Each structure stands twice: as C-alpha cells, then as structure tokens.
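Undergrad: Could you have a look at this structure, given as structure tokens, before my questions?
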Amino acid sequence: MGREVSESCVESLLIEMVSSYCNRFYADKQELAARRIEAIGYQVGHQLSERYTMERPRFSDHLEAIKFICKDFWSEIFKKQIDNLKTNHRGTFVLQDNHFRWLSRMSIESSPEMVVSSPDGEDKASQAMSMHLYFPCGIIRGALSNLGIPCAVSADISSLPACSFVIRIKA
Amino acid sequence: MQFFGGSDISPSPPAPTASGNNAHMMYMFNRNGVCLFYREWNRPLWTLNAQQDHKLMFGLLFSLKSLTAKMDPTSAEKGNLGVPQLPGQGCSFHSFRTNTYKLSFMESPSGIKIILVTHPRTGDLREALKYIYNLYVDYVAKNPVYVPGTPIKSDLFNTNLDQYVRSIS
C-alpha cells in the first residue's frame with residue numbers, strides 16, 4: 001500500500017486518454033467517446049471503493065454512502081473533501097467541489113474576439129472541457145455501484161475550477 | 001548593439017507604464033520557430049508587422065546562438081548547432097543590452113525559447129526566465145485543453161505571468 005506514483009504522470013495519462021478517445025478513436029462520435037471514457041471511470045471507481053472501504057462496516061443508508069464519497073473517498077483521490085453537498089431527499093445529490101484538482105490547470109482565453117466571432121467557438125471550447133469530466137463521473141458511479149447503489153452521475157462546470165457532480169439514485 | 005532604427009529612438013530609456021510593469025514585451029517560440037506566445041506591456045514603437053516581427057526575432061536568436069557558439073575561445077569541440085542544450089551547458093548567449101532596452105533569452109532542453117525585453121538597467125534575469133518556464137509547464141504544458149505546438153491561449157497563464165513580471169526589479 002505504500003508505493004506512490006508521480007501525480008504529473010497520472011494527470012498526463014488522463015489528458016492523453018481523453019484526447020485519444022475524442023480525437024482519434026471516436027473522432028466523429030463524441031457521444032460514444034464520452035461513454036467509453038465513463039466506462040473506464042466506472043471500472044476504476046469500482047476498484048478504488050473496494051480498496052478504500054476495506055476496514056469499514058457496511059453503510060446504513062444512501063446518505064452515509066454519499067457522505068463517504070464526499071469525505072474519505074474524495075480525500076484519498078483528490079487530497080481534499082467535497083466542499084458542498086445538497087440533496088432533495090428524493091434520491092438526487094449535488095456534490096460541489098470549488099477547486100477540482102483535475103481542472104485546476106485548465107484554462108482558455110476569454111478574449112472579446114472569441115465571443116463575437118462565433119457562438120460555435122465557445123461551445124466547442126466548453127464541450128472540450130466537459131469531456132474531461134466523464135472520467136470522474138464514472139469513478140463516482142463505479143464506487144457507488146460497488147456499495148450497492150446503482151445511480152447515474154453527470155457533471156457540470158459552473159466556473160473554472162469549480163464543478164459540481166449530480167448523482168441520481170435509481171429507485 | 002544597435003538593431004532597430006537607432007536614430008528614431010531617444011537615448012533616454014522610456015519610463016515604465018502607469019501599471020508599473022517592468023517589462024516591455026515577451027516572446028515564446030518552440031523548436032520549429034512557431035511563435036507560441038507574444039505579450040506586450042509597454043511598446044511605443046513597432047517597425048514591422050506582427051508576422052515579420054516574430055520571424056525576425058526567431059532568426060535573430062538562431063543567428064546569435066550560432067555566432068556566440070562559433071566565437072567561443074574556450075570550447076574545444078564544435079557541438080551540434082541547432083540542438084537545444086541544458087541551460088548552463090555548452091555556449092549560449094543569455095542577454096544583450098542597448099542604450100534603450102535589454103533582451104534576455106533562455107532556451108529549455110525541449111527547445112522552448114523565452115525572450116524577455118526589459119529596460120536597460122535590469123539585472124540578470126536568468127532565474128526569472130526559469131520561473132517563467134515553470135509557469136509555462138504548470139499552466140500550458142499541463143493544461144488539458146492545450147494542443148502542443150499551437151499558440152498559447154490561457155487566462156491562467158496570462159494572469160500569473162502579468163503578476164510575476166510586475167514583481168521583477
């Protein structure tokens with residue numbers, strides 16, 4: 001359990017994974033690329049949750065499991081906890097991370113020319129950015145699924161580097 | 001060394017801008033001569049259009065490195081010119097000064113060239129250029145949406161660079 005790997009290596013690998021799937025393997029099928037990336041995240045989340053719940057008893061209810069994701073699980077992976085948790089008490093949870101580690105270096109240029117020249121340009125940029133969120137969504141889904149909670153996870157970048165993950169538990 | 005139309009520029013150096021920025025402008029090139037980045041804080045005089053300006057700058061650096069390496073009286077071997085070397089190794093110029101500005105230069109082993117033009121009384125900027133290279137690594141090389149070899153368009157890089165340049169004495 002004591003071996004470590006360089007964070008730059010992991011981050012570079014993730015960047016290349018998204019780039020390969022979006023620009024080479026499924027260049028004109030972005031939806032398919034997104035699902036493949038999310039599926040990889042699912043496997044990773046599944047195994048990580050196995051590892052990080054080794055000495056713990058079972059979770060009493062969904063809220064406890066989500067709190068585990070927000071605190072211990074997030075700390076193990078991103079060295080910080082989720083900053084804000086909201087729920088509608090009917091199976092939907094919103095996890096807000098105000099400084100998501102994998103988005104901390106992401107940046108585009110917001111010059112006035114970009115906005116004027118084409119609304120398309122901005123959409124492409126935000127789509128490229130959101131491609132990088134499918135992997136963490138998959139991780140959350142895989143982790144919860146391993147804890148016995150099937151769900152759907154989506155993400156949204158409100159303003160870099162903050163982002164929120166929406167978990168919808170399947171009834 | 002007088003390069004750009006010496007007679008038009010007054011001998012006294014221009015005062016720093018109201019924003020307090022200590023540098024005039026900065027260029028970044030990659031190994032292939034693509035101008036990755038250009039930013040100016042205080043440049044009252046343009047002699048050429050942007051494209052020509054960048055090409056001239058790149059050509060100038062290439063020639064200067066070649067010249068300084070060939071004129072080296074201490075080195076026994078003539079290394080492979082055009083190949084980027086580790087900073088400090090081999091023989092490469094790092095700055096030149098005129099009566100109106102100082103140009104500082106650094107090339108990384110990956111071929112990234114950083115040029116910073118400041119007022120003539122600036123001290124040695126080699127450490128500053130290394131710091132700027134670190135900013136490049138953090139906010140450009142590690143930016144998930146950056147495509148290597150293309151011009152740099154990153155707000156984070158711009159902001160951190162402006163902030164740092166303001167603090168150079």
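Undergrad: When you look at the Cβ of every residue in B:154-163, what mean number of other chain Cβ atoms sits within 10 Å? Display every interim value, and only then the final one.
TA: Details: counts 5, 6, 8, 3, 4, 1, 1, 0, 0, 0.
That average works out to 3.
Undergrad: Okay, next question. Kindly write out, for segment B:134-151 in residue order, the coupling ³J(HN,Hα) from the Karplus curve 6.51 cos²θ - 1.76 cosθ + 1.60 (θ = phi - 60°), rounded to whole Hz, with x marking Gly and Pro.
TA: Couplings: 5, 4, 4, 4, 5, 9, 10, 4, 9, 7, x, 9, 8, 9, x, x, 10, x Hz.
Undergrad: Label points 7 Å out from Cα along the Cβ direction at A:Gln81 and B:Leu60: separation in nm?
TA: With each label placed 7 Å out from Cα toward Cβ, I get 5.6 nm.
Undergrad: Set the Förster radius R0 to 35 Å, insert the Cβ-Cβ distance between A:Val10 and B:Asp72 as r into 1/(1 + (r/R0)^6), and round the FRET efficiency to 0.05.
TA: My answer for the efficiency is 0.25.
Undergrad: If you project the alpha carbons of segment A:1-112 onto the principal axes, what extent comes out on each, in Å, largest first?
TA: 45, 39, 27
Undergrad: Same structure, new question: Taking GluC sites (Glu not before Pro) as exposed when DSSP calls them loop (any state but H, G, I, E, B) and at most 15 other Cβ atoms lie within 10 Å, what is the longest stretch of chain A free of them, the sites themselves excluded?
TA: Answer - A:110-171.
Undergrad: Moving to a separate point now. Over all residues in A:3-16, what is the mean tally of Cβ atoms on other chains that come within 10 Å of each residue's Cβ? Don't skip to the answer; put the middle values down first.
TA: Values: counts 0, 0, 0, 0, 0, 3, 0, 0, 2, 3, 0, 1, 5, 1.
For this peptide, the per-residue mean of nearby foreign Cβ atoms is 1.
Undergrad: Then there's this: For B:Lys55, go through the lysines and keep the ones whose alpha-carbon is under 29 Å away, minus same-chain ones fewer than eight residues off.
TA: The reachable lysines, counting only those whose Cα sits under 29 Å from B:Lys55, are B:Lys65, B:Lys70, B:Lys78, B:Lys102, B:Lys113, B:Lys130, B:Lys142, B:Lys153.
Undergrad: Given the protein assembly as shown, report the % of alpha carbon pairs whose separation exceeds 31 Å.
TA: 48 percent
Undergrad: Can you compute the modelled spin-label distance between B:Ala50 and B:His119, with each label point 7 Å from Cα toward Cβ, in nm?
TA: 2.8 nm
Undergrad: Debye calculation, C-alpha points only, no solvent: report log10 I(q)/I(0) for segment B:23-168 at q = 0.10, 0.15, 0.17, 0.21 Å⁻¹, in the same order as the q values.
TA: Cα-only, vacuum Debye calculation for segment B:23-168: -0.34, -0.79, -1.03, -1.53.
Undergrad: Roughly how big is segment A:7-169's charge dipole about its Cα centre, with Cβ charges of +1 (Lys, Arg) and -1 (Asp, Glu), in debye to the nearest 20?
TA: On the way: 18 positive and 20 negative charges, 119 e Å.
Computed charge dipole of segment A:7-169: roughly 580 debye.
Undergrad: Moving on to the next point. Just give me a number: lysine pairs in chain A, eight or more positions apart or cross-chain, with C-alpha atoms less than 28 Å apart.
TA: Counting lysine pairs in chain A gives 12.
Undergrad: Return the distance in nm (one decimal) between the two label points of a simple spin-label model at B:Lys142 and A:Ser126, each offset 7 Å from Cα along Cα→Cβ.
TA: The two pseudo-label positions are separated by 2.7 nm.
Undergrad: Between A:Arg3 and A:Asp72, what is 0.36 nm times their sequence separation minus the Cα-Cα distance? Round to one decimal in nm.
TA: 22.9 nm
Undergrad: Mind sorting A:Ile169, B:Ile152 by how few other Cβ atoms lie within 10 Å of their own Cβ, fewest first?
TA: A:Ile169, B:Ile152
Undergrad: In addition: Using the number of other C-beta atoms within 10 angstrom as an exposure proxy, rank A:Lys67, A:Lys80 with the fewest first.
TA: Exposure proxy ranking, most exposed first: A:Lys80, A:Lys67.
Undergrad: Residues of B:48-54, mean number of Cβ from any other protein chain within 10 Å of their own Cβ, rounded to a whole number?
TA: Numbers: counts 0, 0, 0, 0, 0, 0, 0.
Mean shielding count: 0.
Undergrad: Ok, one more. Given a Förster distance of 35 Å, report the FRET efficiency between B:Gln163 and A:Arg24 from their Cβ-Cβ distance, rounded to the nearest 0.05.
TA: Efficiency, rounded to the nearest 0.05: 0.40.
Undergrad: Still on this structure, please answer the following. Just check segment A:1-67 against the gyration tensor rule for me: Cα atoms, a ≥ b ≥ c as the square roots of the eigenvalues, rounded for a/c under 1.5, and otherwise prolate or oblate depending on whether a/b exceeds b/c.
TA: In terms of gyration-tensor shape, oblate.
Undergrad: If the chain between B:Leu135 and B:Phe93 were fully stretched, how many nm would it gain, using 0.36 nm times the residue separation less the Cα-Cα distance? Kindly include the intermediate steps, with their values, before the conclusion.
TA: On the way: separation 42, 0.36 × 42 = 15.12 nm, distance 2.24 nm.
Answer, rounded to one decimal: 12.9 nm.
Undergrad: How would you rank A:Tyr26, A:Tyr134, going from fewest to most other Cβ atoms within 10 Å of each one's own Cβ? Can you show the working numbers first?
TA: Values: A:Tyr26 17, A:Tyr134 24.
Neighbour counts put them in this order, fewest first: A:Tyr26, A:Tyr134.
Undergrad: To the nearest 20 Debye, how big is the dipole of the protein assembly as shown about its Cα centre, given +1 on the beta carbon of each Lys and Arg and -1 on that of each Asp and Glu?
TA: 320 debye
Undergrad: So which trypsin sites (Lys or Arg not before Pro) in segment B:100-165 are both in a DSSP loop and have at most 13 other Cβ atoms within 10 Å of their Cβ?
TA: Numbers: sites: B:Lys102, B:Lys113, B:Arg121, B:Arg126, B:Lys130, B:Lys142, B:Lys153; in loops: B:Arg121, B:Lys142, B:Lys153.
Taking segment B:100-165 and a limit of 13 other Cβ atoms within 10 Å, the loop trypsin sites (Lys or Arg not before Pro) found are B:Arg121.
Undergrad: Hey, if you put +1 on the Cβ of every Lys and Arg and -1 on every Asp and Glu Cβ in the protein assembly as shown, which of A:Ser154, A:Phe59, B:Ile114 ends up farthest toward the positive end of that dipole?
TA: A:Phe59
Undergrad: Set the Förster radius R0 to 51 Å, insert the Cβ-Cβ distance between A:Thr92 and B:Ser110 as r into 1/(1 + (r/R0)^6), and round the FRET efficiency to 0.05.
TA: Here the calculated transfer efficiency is 0.60.
Every read-out reported here was derived from the displayed coordinates using simple, explicitly stated rules and does not represent laboratory data. Fair warning: this is a prediction, and the values are worked out from it, not measured in the lab. No Cβ is skipped: glycine too gets one built from the backbone with ideal geometry, and neighbour counts run over all protein chains shown.
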